[in-house]
Amino acid sequence: MKTYQALESVKTEEGNIISVVEKNIDTLPEGDLLIKVSYSSLNYKDAMSASGMPGVTRNYPHTPGIDAVGDIVESSNKDFKEGDKVIVTGYDLGMNTSGGFGQYIRVPAEWATPLPNDLSESESMSLGTAGLTAGLSVHALEAHRGNSFEGTKSIVTGSTGGVGSIALMLLSKLNSEVTAITGKKEQTDFLTGLGASEVILREDLQEVARKPIGKSLWDLGVDVVSGEVLTMLLTSLTPGGAVACSGLVGGPSFESSIFPFILRGNALLGIDSVEIPLEQKSQIWERFSSEWKLDLSGLTKEVSLDGLEKEIQTILQGGQVGRIIVNLA
């Protein structure tokens, strides 16, 4: 029987314990595709699953990892053959299905999309679910505007994290003037290096934004924080502006009046990167391999399975900057 290495989280009375273990391929769930994983990436949801936070994973022991890229080694689906390189993100991977923090996964064919020719395996996981979410956010804003971002002013919250940092880079590449919001004053130079034209500390946002409606400051926004930060963003959009929202770091609820919507025609665009149709994911991956191509080398730290537990603790404590990719080779 073939074995492989995986990070496993086990629930105990003292809390979840994380370790790298040897597992048997035969214990993987049923599925159309058996994939040898080359790289995965670390997202906040992975840290939640690994630490046993409620609402993510039901049963333990469990291998987290909502992202994976690698080679198909077995296929029972006519659309995929042995040797094909594929990306799997979202759906149930890493939540209740053994995930990308193992050297092998077995999944339904409906979860897999071909790796674009001009996107390497490590590049795809430097993006991962965070990059996919950032791309979906920018894509939604683009569709809302109906034209280019040239000459626009945009704002990105949670800008040192995965979604925020990639959204910042992408909007800057598309010639938008980007304001980065962060709670980490020490990361100002890092954010300007990614393309931010201005950096505002989260606690200072109330000095430039006013409730229930204030000055028109930004044409569009990407928000991963919600809470009071999203409230402030909605009061500060230009007429016809929009915010794409995908996270709840600042809490699951926010306050708003009707004024931004009826006086300025503003929009709040919800972004889901987990359960959307595979075709939409494929479209974003293709764009990141072509006109949206980014150099993420300065944003990415690579670790092995053995180094992953430390990074999980860092992201749970709010200290992650940029992206963490996991080399499973």
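List, in the order given, every pair from Lys184/Lys281; Lys184/Lys293; Lys85/Lys281 whose Cα-Cα distance in the structure shown is over 21 Å.
Lys184/Lys281; Lys184/Lys293
Counting just the Cα atoms, what span does the chain cover along each of its three principal axes? Round to the nearest Å and put the largest first.
Sorted from largest, the Cα extents of the chain read 65, 46, 35 Å.
Once each part is reduced to its C-alpha centroid, what is the distance from segment 46-71 to segment 237-311 in angstrom?
Centre-to-centre distance over Cα atoms comes out at 21 Å.
Counting only protein heavy atoms and a 1.4 Å probe, tell me what percentage of the chain's accessible area is made up of carbon and sulfur.
Roughly 49 percent, rounded to a whole number.
For Asp71 paired with Asn24, estimate the spin-label separation in nm (one decimal), with each label point 7 Å from Cα along the Cα-to-Cβ line.
Between Asp71 and Asn24, the simple spin-label model gives 2.6 nm.
Only Cα pairs under 8 Å and at least 6 apart count here; give the relative contact order of the chain as a rounded whole percent.
Relative contact order, the chain: 18 percent.
Evaluate E = 1/(1 + (r/R0)^6) for Asp295 and Ser197, where r is the Cβ-Cβ distance and R0 equals 30 Å; express this FRET efficiency to the nearest 0.05.
0.95
Evaluate the Debye formula for segment 278-329 with equal point scatterers sitting on the alpha carbons, no solvent, and hand back log10 of I(q)/I(0) at q = 0.15 Å⁻¹, in q order, two decimals.
-0.60
Can you compute the helix-only [θ] at 222 nm over the chain? Use -39500 (n - 2.57) per DSSP H run of at least 4 residues, normalise by all residues, nearest 500 deg cm²/dmol.
Rounded to the nearest 500, it is -8000 deg cm²/dmol.
Given an 8 Å cut-off on Cα distances and at least 6 residues of separation, report the relative contact order of segment 1-140 as a percent.
Computed value for segment 1-140: 27 percent relative contact order.
Please calculate how many Å² of accessible area the chain carries per residue, with a 1.4 Å probe and no DNA, RNA or ligand atoms counted.
Using a 1.4 Å probe on heavy atoms only, each residue of the chain averages 43 Å².
Which value, to two decimals, describes the C-alpha radius of gyration of segment 201-329 once divided by 2.2 N^0.38 Å?
Against the empirical 2.2 N^0.38 Å value, I get 1.30 for segment 201-329.
Please report the net charge: other residues with Cβ closer than 13 Å to the Cβ of Ser41, K and R +1, D and E -1.
-3
If a helix is a whole DSSP H run, which ones in the chain reach 24 Å or further along their own axis (Cα) and hold a mean Kyte-Doolittle hydropathy of at least -0.5?
Counting only whole DSSP H runs, the qualifying helices are 121-145.
Take Thr113, Thr192 and sort them by solvent-accessible surface of the protein heavy atoms, 1.4 Å probe, largest at the top.
Highest to lowest solvent-accessible surface, that is Thr192, Thr113.
Using r as the Cβ-Cβ distance of Gln317 and Ser148, and R0 as 51 Å, what FRET efficiency do you calculate, to the nearest 0.05?
0.85
Within 10 Å, count the other beta carbons around each residue, average over each peptide in 194-201, 209-216, 123-130, and list them highest first.
123-130, 194-201, 209-216
Could you work out the relative contact order of segment 220-329? I mean the mean sequence separation of Cα pairs under 8 Å and 6+ apart, divided by the number of residues, in percent.
In percent, rounded to a whole number, it is 20.
Top mean-square fluctuation among Pro114, Pro54, Pro64, Gaussian network model of the chain, C-alpha springs under 10 Å?
Pro54
How compact is segment 129-195 by the rule of thumb for globular proteins, expressed as Cα Rg over 2.2 N^0.38 Å?
Dividing the Cα Rg of segment 129-195 by 2.2 N^0.38 Å gives 1.05.
Local charge sum around Phe80 (other residues, Cβ-Cβ under 15 Å, Lys/Arg +1, Asp/Glu -1)?
Local net charge: -2.
Dipole size in debye (nearest 20) for the chain around its Cα centre, Lys and Arg Cβ +1, Asp and Glu Cβ -1?
It works out to roughly 640 debye.
Treating only the Cα positions of segment 7-122 as identical point scatterers, give the base-10 log of I(q)/I(0) from the Debye formula at each q in 0.11, 0.12, 0.18, 0.23 Å⁻¹.
-0.34, -0.40, -0.85, -1.27
As a test of reading the structure, rank Tyr44, Tyr60 by solvent-accessible area (1.4 Å probe, protein chains only), most first.
Per-residue accessible area, sorted high to low, gives Tyr44, Tyr60.
The values are calculated or read from the model by the stated rules, or taken from the named source; none is laboratory data. This structure is a prediction, so every number in the text was calculated from the model and none was measured. Note that we place each Cβ from the backbone using ideal geometry, even for glycine, and neighbour counts take in every protein chain shown. Areas reflect the complete protein model, heavy atoms only, side chains present, ligands, DNA and RNA absent. Shrake-Rupley method; radii C 1.70, N 1.55, O 1.52, S 1.80 Å.
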